Amino acid sequence: MKRRKLISSILFISIFIGATINIHAETQLEHKPEGGEELSTIKNEYYGSYDKIIVDKISDDADYKSIQGAVDGAPDGSTIYVKEGTYSEVVHIYKKINLIGENKENTLINPMSKKNSYAIKISVTGVKLSGFSISNDGPGLYTTGIKITASQTTIGNCNIFDTPIGIAVWSSGNTISNCTFWGCEDEGIAFLGSSSSECRNNLVIYSEFYDNCDGIELQYSSDNVISHCRFYNNTHAGIDVIGSSNNNNIISNCDLYDNEVFGIYLSKSSENQITQCMVSNNQIMMSSSKNNTIDSCELESIYLRDTTLNIENCENLEESKIKTINSIYEIYNEENIHATISEKIENVKEIYYSKFSLIFAILNEIKSRIFSYLGY
């Protein structure tokens with residue numbers, strides 16, 4: 001949020017001057033496990049007969065005293081078990097290993113990284129990480145808990161908190177499950193594709209996002225699934241889709257409520273599906289988008305700007321709560337009765353300037369350009 005406030009100040013001055021998850025998450029979100037899993041359970045049910053390496057800062061019998069030392073010494077295919085404690089080290093995972101914390105509430109990775117750097121970087125395909133609390137006390141507006149640059153990474157059963165960006169994803173085919181994100185001043189998760197390299201086929205499931213700026217943000221990210229997640233009390237949006245080419249994403253079975261500006265914001269995107277979601281005490285906003293679908297959702301209001309939208313089986317939505325600027329939407333119900341409203345014009349100030357949404361939209365565009373320029 002600090003970055004948003006800084007850019008907001010600059011902006012105002014300028015204006016006035018002129019795959020399948022392996023950590024089996026098969027229950028509903030409200031039944032997600034509390035606390036960390038016991039090492040013995042993980043060892044027997046998940047990781048099989050890999051080489052096993054123990055990290056413990058205290059015990060003389062441990063194989064290593066630091067996580068990075070264990071990574072450096074581990075052969076590919078190993079499982080590294082990290083005993084409870086606080087590990088104030090930056091970790092780079094460059095081998096295909098499994099990194100398991102003893103208990104996510106008491107196994108903390110919290111370094112003071114370099115400016116705009118990471119606490120954990122994953123740069124090789126097929127890493128599995130679970131059972132940690134992860135933060136980063138390093139300086140910078142883009143400082144990150146976990147940076148993922150390789151595909152097929154699995155992050156499960158973790159707390160990620162009090163860092164500008166919880167997880168920054170630059171790759172495809174990753175899974176994030178049963179994680180909780182709070183206190184992230186920018187995003188809990190940021191999918192950071194580019195015009196030349198999109199983030200695709202990522203899955204976020206059974207996770208919770210609160211007291212962040214945005215819960216999840218997508219930039220140049222298509223064919224992703226966000227399912228059975230909860231987003232609330234975020235200072236901007238639950239899910240924020242900015243930049244361009246964010247297409248064919250699915251948001252399903254999610255609860256989005258009491259976020260300060262938007263439940264879901266979609267910009268310059270098409271063929272996305274929002275299905276079986278509950279959006280309460282905040283709205284869905286779509287700008288310069290086409291052929292998106294909202295299906296079987298409970299929601300209170302929709303704002304559309306230069307957008308086409310299909311609304312299906314949302315029986316509790318009153319048509320008076322659909323506000324548009326130069327947009328077309330179609331409404332369908334189970335009896336296949338539909339109505340088409342074309343080029344319906346509403347008061348621009350009422351729709352687009354409410355709760356500073358125009359300012360946030362401009363800031364989102366600036367942020368997208370900054371990310372792309374820095375190659376962060």
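How big is the Rg/Rh ratio for segment 194-239, C-alpha atoms only, Rh by Kirkwood, two decimals?
Reported Rg/Rh (Cα atoms, Kirkwood Rh): 1.02.
Tell me the Kirkwood radius of segment 114-153: reciprocal of the mean inverse pair distance over distinct alpha-carbon atoms, in Å.
By the Kirkwood definition, the hydrodynamic radius is 10.8 Å.
Quick one: what do you get for segment 120-215 if you divide its Cα Rg by 2.2 N^0.38 Å?
0.97
For ASN316 and ASN281 in one chain, what is 0.36 nm times their gap in residues minus the Cα-Cα distance, to one decimal in nm?
Additional length available on full extension: 11.2 nm.
Using the structure shown, select from LYS115/LYS147; LYS57/LYS96; LYS121/LYS268; LYS96/LYS121; LYS104/LYS128; LYS96/LYS128 the pairs with a Cα to Cα distance greater than 20 angstrom. Display every interim value, and only then the final one.
Values: LYS115/LYS147 14 Å; LYS57/LYS96 23 Å; LYS121/LYS268 30 Å; LYS96/LYS121 13 Å; LYS104/LYS128 15 Å; LYS96/LYS128 8 Å.
Violating the 20 Å limit, Cα to Cα: LYS57/LYS96; LYS121/LYS268.
Compute and list, largest first, the equivalent-ellipsoid semi-axes of segment 188-280 from the alpha carbon gyration tensor, each √(5λ) rounded to a whole angstrom. Intermediate values should be presented prior to the final figure.
On the way: eigenvalues 78, 36, 26 Å².
Semi-axes from the Cα gyration tensor: 20, 13, 11 Å.
Set the Förster radius R0 to 45 Å, insert the Cβ-Cβ distance between TYR332 and LYS114 as r into 1/(1 + (r/R0)^6), and round the FRET efficiency to 0.05.
In this case the efficiency is close to 0.30.
Would you kindly give the portion of the calculated P(r) for segment 221-324 that falls above 17 Å, as a percent of all Cα pairs?
45
As an exercise, find the ratio Rg/Rh for segment 279-318 from alpha-carbon atoms, using the Kirkwood inverse-distance average for Rh.
0.94
Given the peptides 96-108, 176-188, arrange them by the average over their residues of other C-beta atoms within 10 Å, most packed first.
The packing order, highest mean first, is 176-188, 96-108.
May I ask for the distance between the Cα centers of segment 91-152 and segment 159-174, given as a whole number of Å?
9
FYI, it's all coordinate maths here, none of it is from the lab. All of these numbers come straight from a predicted model, not from anything done at the bench. Cβ sites come from the backbone with ideal geometry, for glycine too, and all protein chains shown count toward neighbours.
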